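**Q** Encoded as structure tokens, here's the structure I'll be asking about.
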Ligand code: HDD
Ligand code: HEM
Ligand code: HEM
């Protein structure tokens, strides 16, 4: 591999690693916040117990989210110095403001975790709200930077560099709103489905007391309701993001759909493999006219094909696969939550059937995978550009050599941390079994 | 003042804050390692109690520093990023291990001792790597053709080790002084005695390494040494602040049964000492960001971005300062937390 490929692999892996923890850092606080509010409304202490156990998990995840985010932030300057020069000149604001969001989240997370026993209920809710707000704000802000890379605005390129910088215009670039919504809602959805997976997995065990079943069932239904709603909204915001692609990044949409010829009544291609050299897509199911309709709300919308653009700015062919996998996961998750909701409503508080519980354990991993597919789609679909139609990835990369050493070291670090997180998580929850904590809570509630 | 001077002053302020917070944080990790919980003194436990809620906030200051440099000095990123790739990546790996394991530490009793070792060892390695940036920025260690770091030259140069000795010594000194104060707040006199003793040893040692660094600097970065000698007045004030703080560790208390010393006064004086000395170092470093290729004026961002950044700082700080104050009251003042156990 040449140094450019290594740099791309290294950076993509770092982000792919960070995003797992970061997404949960946005999604879980919402679940914690909702259960704290439920407790205030219903006075059922089981909800505080949920909040408490999820907070513990979140605190462990933060131990990886924060340093991996620090890695990403510093690695950006180390690996893409020429790109970061542009960031500093034009799109520094979201990065700068994001820090205030991090401070908010870090301060109140410590307060919520280490001072919970000294806070009044009102202050506790306020703290967890500020944690959730800080996490969500940081996701929206970082997305602004990424959206700017896709649809750069707010400056004039000139011979010697750039002039006429308008920082806020860069911040609110054309794809900011659609991306920010899509990222935020898909993170909420992922947090909820991860909780649902765990609850479903717990319910599969045979030896459970009645109160344990009720606890898990409640957590499952609550998270499926939130996850299901969010996945519907995710689909709508994703559709919006697709229309923005049609207006502002037509090559990316064309590659996502394997469309070579510009045409109206363009078909939507489901599945299949895009072959850029042969200029065709094989094995896809084509739905006539749907792509035109999705892109512009009319069947006669003209969708640009790749042949309108020079070969050297075509995105890689595999982004079609990534796009399909993301959308497919989204559709599947909507269907699954609807199905589970229907069973839950029919059975009124009883355990769902085994086969359905088994299926539901897959929702969390599926949502996390969808996030990964979506991000790799966005970043790889922008290739060969780092800043769309302005800076090529090859021109952004560092000149320092021997990057493979770092690739090996960082990949080993990520493996180690993944394993350690799982070990620590399970060791913690083994030592603090639900049965004991539930008993304590129920006893307190009656006393 | 020009935009560039404003920008470098704000950056300096963040470097200074991170140097203090980082020293206390990494130092506390080291003291937590040296002081085994099974021993009689609770010094290690005190160090850890301080560390648990604060490391996240300290870490955000590090990120703040990086983002501030990118935002204010975008044209410096290319040479800095390439030159600092090696120490920077090493810091990232160690920092990640440290943060992750520190959090895990509280969730898994089984792995306690391994985790303590990680936090203690990285508590020395990370500050060393951070301090290495100083001689690199002072010039002579970056290949002017390729911007790459000359690792061999860096490692064979005595001044590097002088910076290292100075950096580590001041880290441990500041954290010992801080933890002495924190132990006093926790009313733990045995821990107080331990940390006071270390502060007393490390103080003069730190001063000696500082003088040695300036002396050795003459061979590598003569321009900086000359500038530093011009800033003598500030260094003198800094030495006075040190002496005042040092003596405060010996002042007698009114209650004869309490241990000697006013650690709060001492720590505040040491911060002042640090502020004065690092201000003087920063002033001596001007106009260069990286000697001899890059000055502050050349690398500062455009005026439109500069103004928006200042506004965002003002708004952000207005929102955050109450949060910081609340945080401080909960973890550094509240007897129910500080003196628990
Ligand atoms: C749980 C995760 C998830 C799910 C189920 C979906 N997405 Fe998505 N999608 C993301 C998670 C995501 C993401 C990770 O959040 C991305 C990556 C970058 C971004 O802005 O959001 C993304 C990007 C992204 C983009 C590219 C935006 C750009 O490059 O500017 C489009 C067009 C869509 N999505 C469309 C959809 C559609 C039509 C979906 C139908 C259900 C869908 N996504 C489901
Ligand atoms: C969509 C992508 C991303 C999302 C949703 C996201 C979100 C998050 C979240 C929730 C955290 C935890 C913050 C905290 O608890 O304090 C975090 C940490 C962090 N992220 Fe990301 N992040 C993303 C991508 C990035 C990128 C590309 C960067 C680099 C520029 C970055 C930089 C950071 C940093 C520096 C931290 C550590 C903050 C701290 O020290 O508290 N993130 N991120
Ligand atoms: C967190 C989820 C993300 C993932 C999984 C991800 C994934 C990737 C991948 C796989 C690449 C390599 C692309 C290629 O060369 O084919 C890449 C490149 C890059 N990404 Fe992302 N990305 C994410 C978010 C972001 C965000 C939020 C930003 C900016 C704020 C960003 C900025 C970049 C940059 C600067 C590059 C290198 C230049 C380039 O290849 O265009 N990424 N990312």
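**Q** Residue under question is residue A:26, and the condition is that it be assigned to a helix (DSSP H, G or I), under 25 Å from residue B:56 (Cα atoms) and either away from ligand 3 (no atom under 16 Å from the Cβ) or in contact with a helix residue (DSSP H, G or I) (Cβ under 7 Å, 6 or more places away or on another chain) (or both); does it hold?
**A** Answer is yes for this residue.
**Q** Right, next: Select from the stretch A:328-340 the residues that are within 10 Å of ligand 1 (Cβ to nearest atom) and in contact with a helix residue (DSSP H, G or I) (Cβ under 6 Å, 6 or more places away or on another chain) and write down the one among them that is farthest from the other protein chains (Cβ to nearest Cβ).
**A** This residue is A:334.
**Q** Now for a separate question. Name the residues in the stretch A:411-420 that are in contact (Cβ under 8 Å) with a residue 40 or more places away in the chain and within 8 Å of chain B (Cβ to nearest Cβ), would you?
**A** Across the stretch A:411-420, the qualifying residue is only A:417.
One line per residue, one yes/no per condition, for (1) surrounded by 18 or more Cβ atoms within 10 Å (Cβ to Cβ); (2) more than 16 Å from ligand 1 (Cβ to nearest atom):
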residue: A:94; (1), (2): yes, no
residue: A:100; (1), (2): yes, yes
residue: A:110; (1), (2): yes, yes
residue: A:114; (1), (2): yes, yes
residue: A:118; (1), (2): no, yes
residue: A:122; (1), (2): no, yes
residue: A:127; (1), (2): yes, yes
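**Q** List the helices (runs of 4 or more DSSP H) inside the stretch A:341-405, counting only whole elements, that have at least 3 residues being more than 14 Å from chain B (Cβ to nearest Cβ), within 16 Å of ligand 1 (Cβ to nearest atom) and surrounded by 20 or more Cβ atoms within 10 Å (Cβ to Cβ).
**A** Those helices (runs of 4 or more DSSP H) span A:363-381.
**Q** Something else now. Give me the pairs, please: first residue somewhere in the stretch B:56-68 and touching a residue at least 60 places away in the same chain (Cβ under 8 Å), second residue anywhere and within 8 Å of ligand 2 (Cβ to nearest atom) and in a helix (DSSP H, G or I), beta-carbon distance under 6 Å, and either six or more positions apart or on two chains.
**A** Within 6 Å, the pairs are B:57/A:106.
Listed here are the residues, each with its yes/no results for (1) within 16 Å of residue A:380 (Cα to Cα); (2) within 16 Å of ligand 3 (Cβ to nearest atom).
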{"residue": "A:251", "(1), (2)": "yes, yes"}
{"residue": "A:254", "(1), (2)": "yes, no"}
{"residue": "A:272", "(1), (2)": "no, no"}
{"residue": "A:288", "(1), (2)": "no, no"}
{"residue": "A:296", "(1), (2)": "no, no"}
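**Q** Output the helices (runs of 4 or more DSSP H) that fall wholly within the stretch B:222-320 and possess 3 or more residues being closer than 30 Å to residue B:71 by Cα, or say none.
**A** Result: B:222-230, B:263-285, B:296-299.
**Q** Could you pull out the residue among A:157, A:174 that is within 14 Å of chain B (Cβ to nearest Cβ), farther than 16 Å from residue A:371 by Cα and surrounded by fewer than 23 Cβ atoms within 10 Å (Cβ to Cβ)?
**A** Of A:157, A:174, the one residue that is within 14 Å of chain B (Cβ to nearest Cβ), farther than 16 Å from residue A:371 by Cα and surrounded by fewer than 23 Cβ atoms within 10 Å (Cβ to Cβ) is A:157.
**Q** Farther than 20 Å from residue B:179 by Cα and either surrounded by 14 or more Cβ atoms within 10 Å (Cβ to Cβ) or out of contact with any strand residue (DSSP E or B) (no Cβ under 9 Å at 6 or more places or on another chain) (or both), is that true of residue B:242? If you could, list the steps in order and put the result at the bottom.
**A** On the way: farther than 20 Å from residue B:179 by Cα: no; either surrounded by 14 or more Cβ atoms within 10 Å (Cβ to Cβ) or out of contact with any strand residue (DSSP E or B) (no Cβ under 9 Å at 6 or more places or on another chain) (or both): yes.
Here the answer is no, as residue B:242 does not meet what is asked.
**Q** Right, something else. When the stretch A:246-280 is examined, which residues are found to be farther than 18 Å from residue A:328 by Cβ and in a helix (DSSP H, G or I)?
**A** Answer for the stretch A:246-280, where residues must be farther than 18 Å from residue A:328 by Cβ and in a helix (DSSP H, G or I): A:246, A:247, A:248, A:250, A:251, A:252, A:254.
**Q** Taking residue A:408 as the residue in question, decide whether it is within 14 Å of chain B (Cβ to nearest Cβ) and either assigned to a helix (DSSP H, G or I) or more than 16 Å from ligand 2 (Cβ to nearest atom) (or both).
**A** On the way: within 14 Å of chain B (Cβ to nearest Cβ): yes; either assigned to a helix (DSSP H, G or I) or more than 16 Å from ligand 2 (Cβ to nearest atom) (or both): yes.
In short, yes.
**Q** Filter the stretch A:35-75 down to the residues that are at the interface with chain B (Cβ under 8 Å from one of its Cβ atoms) and either within 21 Å of residue B:91 (Cα to Cα) or over 23 Å from the mean Cα position of the chain (by Cα) (or both) and list them by number.
**A** Those that are at the interface with chain B (Cβ under 8 Å from one of its Cβ atoms) and either within 21 Å of residue B:91 (Cα to Cα) or over 23 Å from the mean Cα position of the chain (by Cα) (or both): A:62, A:63, A:64, A:66, A:67, A:68, A:69, A:70, A:71, A:73, A:74, A:75.
**Q** For the stretch A:81-104, which residues satisfy the criterion of being touching a residue at least 40 places away in the same chain (Cβ under 8 Å), within 23 Å of the chain's Cα centre (by Cα) and either away from ligand 3 (no atom under 12 Å from the Cβ) or assigned to a loop (DSSP other than H, G, I, E, B) (or both)?
**A** A:91, A:93, A:97, A:101
**Q** Out of all the residues in the stretch A:138-178, which are free of Cβ contacts under 8 Å to residues at least 60 places away in the same chain, in a loop (DSSP other than H, G, I, E, B) and within 16 Å of ligand 1 (Cβ to nearest atom)?
**A** A:153, A:172, A:173, listed by residue number.
The numbers here are math on the coordinates, done by the rules we state, and not lab data. Note that this is a predicted model, so its numbers are computed, not measured. A quick note on method: Cβ atoms are made from the backbone with ideal geometry, for glycine too, and the neighbour counts reach across all protein chains shown.
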